[in-house]
Amino acid sequence: MRELMIDFGTTLDGYASGEGWPGWWGLEGPEYLAWLGEQPPVTYLMGANTYRVMHGFAGGEPHPAEEEASVDELTRAPKVVFSASLEEPLTWANTTLVRGDAVQAVRAMKEEGSGILSTLGSVSLSRSLLRAGIVDRFRVVMFPVITGATGAERIYDGYPDVALDMIDHRTFDGRTQLVEYRPRVLEGPPLAPTA
């Protein structure tokens, strides 16, 4: 069975992006970029908005040499986009469009084959998959910046209560934190102990 991972890069205050900020908030360092290059192959899952942004990023301006390998890998990787608004054919290489229910489709994808399914951003899609209880790993890379004035796409708004059991953590370049958990969706807050 395939594993499903939600994978976010965020600010310390939980934003997925910020108005006027570059990718990775301009804080990607050599250790982080090297780690990205060492990750096992995945099939990326995303919604239409993330597809538009990432396809534009991958096909846009030339990238610095240290980012080029990550961009090339993203283009070569299989990608699945869940959307009712996009039209085929999609122009980004190795991309499949799915119009049906994303949770049902991902459940079926988990049963087929092996390897890792990973969201790429996609705040709404990630929320739906987590709420459905089908996420196996929840990974967050926190970049050392607070974007209270310019932050966009608060990640955790609208999420259910979730218990997180730590399975990995590390620091990149002396400043960027990775935390990875096994999530358990909760019915609500735990009951207070009785006397």
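Scanning the range 154-175 for residues that are among the aromatic types (Phe, Trp, Tyr) and under 19 Å from Val123 (Cα atoms) yields Tyr156, Tyr159. Tell me yes or no: at least one residue of the range 137-152 is closer than 21 Å to Glu19 by Cβ and free of Cβ contacts under 8 Å to residues at least 60 places away in the same chain. Checked against the condition, which is being closer than 21 Å to Glu19 by Cβ and free of Cβ contacts under 8 Å to residues at least 60 places away in the same chain, the range 137-152 yields at least one hit. Tell me, yes or no, whether the range 57-66 has at least one residue that is modelled with pLDDT under 95, open to solvent by less than 30 Å² (accessible area, probe 1.4 Å) and either in contact with a strand residue (DSSP E or B) (Cβ under 8 Å, 6 or more places away or on another chain) or in a strand (DSSP E or B) (or both). No, there is no match, as no residue in the range 57-66 is modelled with pLDDT under 95, open to solvent by less than 30 Å² (accessible area, probe 1.4 Å) and either in contact with a strand residue (DSSP E or B) (Cβ under 8 Å, 6 or more places away or on another chain) or in a strand (DSSP E or B) (or both). Restricting Gly9, Gly20, Gly37 to those that are open to solvent by 40 Å² or more (accessible area, probe 1.4 Å) and not in a helix (DSSP H, G or I) reduces the list to Gly20.
Output the qualifying pairs, or none if there are none: Cβ atoms under 7 angstrom, residues six or more apart or on different chains, first residue in the range 106-135 and at pLDDT below 95, second residue in a loop (DSSP other than H, G, I, E, B) and of a type in the set (Lys, Arg). If the second residue must be in a loop (DSSP other than H, G, I, E, B) and of a type in the set (Lys, Arg), the pairs left are Gly113/Arg2; Ser114/Arg2; Gly115/Arg2. For the residues Thr176, Thr194, Thr171, the requirement of being open to solvent by 50 Å² or more (accessible area, probe 1.4 Å) and at pLDDT 95 or above singles out Thr171. When we screen Leu86, Leu178, Leu120, Leu90 for residues that are touching a Phe, Trp or Tyr at 6+ places or on another chain (Cβ under 8 Å) and within 15 Å of Leu4 (Cα to Cα), the only hit is Leu120.
Residues that are under 21 Å from Leu27 (Cα atoms) and within 17 Å of the chain's Cα centre (by Cα) number at least 1 in the following strands (runs of 3 or more DSSP E) confined to the range 90-178: 137-143, 151-154, 162-172. You will find that of Ala149, Ala132, Ala163, the residue that is open to solvent by less than 40 Å² (accessible area, probe 1.4 Å) and out of contact with any strand residue (DSSP E or B) (no Cβ under 8 Å at 6 or more places or on another chain) is Ala132 and no other.
The values are calculated or read from the model by the stated rules, or taken from the named source; none is laboratory data. From a predicted model like this one, the values you see are computed outputs, not experimental measurements. Cβ coordinates were reconstructed from backbone atoms using ideal geometry, including for glycine residues, and neighbour counts include every protein chain displayed. For the accessible areas, the whole protein counts, side chains as well, though only heavy atoms, and no ligand, DNA or RNA atoms are used. Shrake-Rupley method; radii C 1.70, N 1.55, O 1.52, S 1.80 Å.
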